[in-house]
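Note sheet for the following structure.
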2 protein chains.
Amino acid sequence: MKKFVNKVDDMLVESLSGFAAAHRDLVALHLDPNYLTRAQKPQNKVALISGGGSGHEPLHAGFIGYGMLDAACPGHVFTSPSPDQMLAAAEAVDMGKGVLFIVKNYAGDVMNFEMASEMLAGENATVLTSDDVAVINSTYTTGRRGVAGTVIVEKCVGSLAETGADLATCKALGDKVNQRTGSMGVALTSCTVPAAGRATFDIGDNELEMGVGIHGEPGRRREAMREADAIVGDMVAAILQDFERSDHKPAKGQEILLLVNGFGGTPLMELYLLFNSAAKVLEGHGLIISRSLVGNYVTSLEMAGASITVCLLDDEIKRHWDSPVHTPALRWGR
Amino acid sequence: MKKFVNKVDDMLVESLSGFAAAHRDLVALHLDPNYLTRAQKPQNKVALISGGGSGHEPLHAGFIGYGMLDAACPGHVFTSPSPDQMLAAAEAVDMGKGVLFIVKNYAGDVMNFEMASEMLAGENATVLTSDDVAVINSTYTTGRRGVAGTVIVEKCVGSLAETGADLATCKALGDKVNQRTGSMGVALTSCTVPAAGRATFDIGDNELEMGVGIHGEPGRRREAMREADAIVGDMVAAILQDFERSDHKPAKGQEILLLVNGFGGTPLMELYLLFNSAAKVLEGHGLIISRSLVGNYVTSLEMAGASITVCLLDDEIKRHWDSPVHTPALRWGR
C-alpha cells in the first residue's frame, strides 16, 4: 500500500483538519466527537445533516454550505459514524425547525442514525437514499445501496430548505428525488482501505466488476473488459429497465439529469468519454439531457471506475438543482 | 491497460465531445482543427488562449469561461497541439485587442505556439509558465517545466483581461505570477498513455519519484516511500529554497496561495492530508496561507501523486485570484 499518510490512525483527523483549513470560509471542524458544520450558522431553516464512512470524498463534508448541508459526520474509512457524532452535530445545527438526516442505505449507517434520531430531543426525520439499481441486498445492505444519486438528493433538499420549507416538505422532496434517481457503477480496479493495507478485492487485468458498490462490494457479475460503449450500454440499460418497472416510467421527451461520477482513480478524460457514450444511448431512447454533472463526487478512495446516474427531472427538481449552491465541492450561481 | 475507451484513435474527440456536451452553457467545441472556445464570445478584451497535450484535464479546456480563458487547443495525450489549431483558435476569439498565448514550457508546445504566433496577422504575445522547481532542463524541456502553477497564471491573467487591460499589461501580470510561483511534484505510480498501452515508467511498490513531471518525466531522485510529513517537508523545502535564491525572497508574514494538486489517482482524502502537512511547514516558516486550492487541476491521467504549489501573493494577485470565475472546473463569485 502506497498512500500519503503518516500514521493510519491519524489519517482521518489530519485529512479533516486539512479540509477545514483549506475551506475555512465555508466549514468548521469539531473534534471528539467528529463532525463538520457551516462556518456561519444560518437561521430559521430545517437543518440538513448527512454522514457516513470516509473514503467517498468530497461526499459528504464537501457539500456543506449554502444551498446544501448544514453538517456532516465522517466515520472512519468505509465505517459508519457513531450516534454521538450525529447527536452532537444535530444539537449544534438545529435551528428549531427540525433536523433532516440524509442517510445512504447501509446497515451500519441506518442503525446509528436511527439511534441518534431516537435520542434527539427535537423533531427530526430521515431520507434514506437507495439509488443503486445493481443489486437488492448486498454486503452491507438490506435493500438497495445509496450511491452517487445522494448528491442530487442533498442538492435539491438543500435548496428547498433554504426557502424555509418545513421538515415534512423537505423529507418529501428528498424521497421523491431518490425515487426518481437510478445509478449503476462499474469498477476496473479495487481500492485499498488504509487500515486493511491490502486491496478490498482481486480483479484481473482484463476484468471489470459490473454493478460494483462504492465500498468495492460485489455487483451483478464479473466480466471481461470491453469497449466503453458496450459497458455504458449495459449500465444505462440497467437503469432504464429499473425505471420501466417503477411508478415513473419515463416517456419520450422526459428531461433528465445525467451524472457521470468517477470513483477516484479514473481520469476526467475517460469520464467525459463515458458521458459522451451515455448521452448517445439515452438520447436514442428519446430522453433529453437537460442537466449534467461530470467528475469525482462520490468516490471509493482510488478505485478506477465510474457510475452513471440518471435523475428524472420535473420543474420542481430542476428549480432546486439550478438554485445557488456554495460548498467546497459544488458551487454555482452565487 | 484497462481504460474506458472505444478505439484509442477516437478517444480524444469522444472525450472532447462529452466535455462540450456536458458544459454546453459554457464552451463550444470546434473540430478539425480541434479547439474549444467560450460558448458566448465576449467583446473588447485581450483573447487568452492556452493549450497543450491532453491527459492533464481539467487543464486547459476546463478553464474556458468568464474570468479565465477564451480558447484552448488540446493535443493528443501528452503531445503538443499543432500550429493550425492555435491559429484557428486565435482567429476565432481575437476581438481586436490582441491574443495572449499561455504556454507551459515544453519544447514541442513552445515551438508550435511560436509558429502560430509568427503566422498570426494580429498583435500577440506569449506567457511561458515554468513553475516546476524540481529540475532545470528535462525530458521535454529546455529550462523549467510549466506545471500546476499554470492554473494560477490563467486565473489571474483571465481576471485582468476581463477589465479591458491591454496585451502588454496582461503579459506582464502573467510573467509576474509565474515568477512568484513554485511547484514540486511527487509520483507514487506511473500513468499509462492510451496509445502506448503500457506504463510510462516503472516504479517499485515501496518507491516514489521526487520531483516528477506531469508526463511522468524523471524528477530529482527515486527514493523509498516515507511518511507524508517527510515527503511534504522535502517538497516544501525545495520550493522555499528556490524562492530564497530568487528576487522575491519571502519575508515572515508573506501571504501565500497554497495549491495541493492531485495527479489524478490520489484520493481527495490524501490531498487534504497533504494540505494539512504543507500548511504546518509553511506556517512554521512564518508564511500566511491566505488562499488555498485543493483538488485535481493539472493531472497526469491516472497517476497517483500530487504536487504542492506556493504562490507569493500581493494585493494585485489576490484581487485577481478572488475575482469571479465561471468555468467548468473553477467557479466562484458569480
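The values are calculated or read from the model by the stated rules, or taken from the named source; none is laboratory data. Since the model is a prediction, treat every value here as computed from it, not as a measurement. Every residue, glycine as well, gets a Cβ built from its backbone with ideal geometry; the counts of neighbours run over all protein chains shown. These accessible areas exclude ligands, DNA and RNA; they are computed on the full protein's heavy atoms, side chains included. Shrake-Rupley method; radii C 1.70, N 1.55, O 1.52, S 1.80 Å.
Please determine, by comparing only the residues of the stretch B:247-263 that are open to solvent by 10 Å² or more (accessible area, probe 1.4 Å) and in contact (Cβ under 8 Å) with a residue 40 or more places away in the chain, which one is farthest from the other protein chains (Cβ to nearest Cβ). Of everything passing the filter in the stretch B:247-263, B:247 is farthest from the other protein chains (Cβ to nearest Cβ). Restricting the stretch A:119-131 to residues that are aliphatic (A, V, I, L, M) and within 15 Å of the chain's Cα centre (by Cα), the residue that is most open to solvent (accessible area, probe 1.4 Å) is A:128. Do you know which of the residues in the stretch B:149-188 that are of a type in the set (Val, Ile, Thr) and open to solvent by less than 40 Å² (accessible area, probe 1.4 Å) is nearest to residue B:218 (Cα to Cα)? For the stretch B:149-188, the residue satisfying everything is B:186.
What about residue A:215, is it assigned by TED's automatic domain parsing to the domain that holds residue A:314 and modelled with pLDDT under 95? Show your work before the answer.
Working: assigned by TED's automatic domain parsing to the domain that holds residue A:314: yes; modelled with pLDDT under 95: no.
Considered against the rule, which asks whether it is assigned by TED's automatic domain parsing to the domain that holds residue A:314 and modelled with pLDDT under 95, residue A:215 comes out as no.
Please enumerate the residues belonging to the stretch A:200-223 that are open to solvent by 50 Å² or more (accessible area, probe 1.4 Å) and touching a strand residue (DSSP E or B) at 6+ places or on another chain (Cβ under 9 Å). Hits for the stretch A:200-223 are A:200, A:206, A:207, A:218, A:220, A:221, A:222.
Within the stretch A:307-319, one or more residues are of a type outside the set (A, V, I, L, M, F, W, C) and under 29 Å from residue B:8 (Cα atoms).
Please determine, by comparing only the residues of the stretch A:23-37 that are free of Cβ contacts under 8 Å to residues at least 60 places away in the same chain and touching a Leu at 6+ places or on another chain (Cβ under 9 Å), which one is surrounded by the fewest Cβ atoms within 10 Å (Cβ to Cβ). Steps first, answer last, please.
Within the stretch A:23-37, the first condition is being free of Cβ contacts under 8 Å to residues at least 60 places away in the same chain, and the residues that meet it are A:24-25, A:28-29, A:31-37.
Right, trim to touching a Leu at 6+ places or on another chain (Cβ under 9 Å) and you get A:28-29, A:31, A:33-37.
Working: A:28: 17, A:29: 19, A:31: 10, A:33: 15, A:34: 23, A:35: 28, A:36: 27, A:37: 21.
Top of the filtered list is A:31.
Checking B:269, B:225, B:210 one by one, the residue that is closer than 29 Å to residue A:54 by Cβ and more than 11 Å from chain A (Cβ to nearest Cβ) is B:210 and no other.
Regarding the stretch A:308-326, can at least one residue be identified that is surrounded by 24 or more Cβ atoms within 10 Å (Cβ to Cβ) and at the interface with chain B (Cβ under 9 Å from one of its Cβ atoms)? No. Filtering the stretch A:60-118 to residues that are of a type in the set (D, E, K, R) and crowded, with 20+ Cβ neighbours inside 10 Å leaves A:70, A:94, A:104, A:109. Flag not set for residue B:290, criterion: at pLDDT 95 or above, open to solvent by less than 10 Å² (accessible area, probe 1.4 Å) and more than 7 Å from every other protein chain (Cβ to nearest Cβ).
Just to verify a result, which residue in the stretch B:38-52, among those that are in contact (Cβ under 8 Å) with a residue 40 or more places away in the chain and open to solvent by 10 Å² or more (accessible area, probe 1.4 Å), is farthest from residue A:206 (Cα to Cα)? Outline the logic, then answer.
If we filter the stretch B:38-52 for residues that are in contact (Cβ under 8 Å) with a residue 40 or more places away in the chain, which is where we start, we get B:38, B:41-52.
With open to solvent by 10 Å² or more (accessible area, probe 1.4 Å) added as a condition, the list becomes B:38, B:41-44.
Values: B:38: 39, B:41: 45, B:42: 47, B:43: 51, B:44: 53 Å.
Residue satisfying both the conditions and the ranking: B:44.
Only one entry of B:304, B:279 meets the criterion of being without any contact (Cβ under 8 Å) to a residue 24 or more places away in the chain and surrounded by 19 or more Cβ atoms within 10 Å (Cβ to Cβ), and that entry is B:279.
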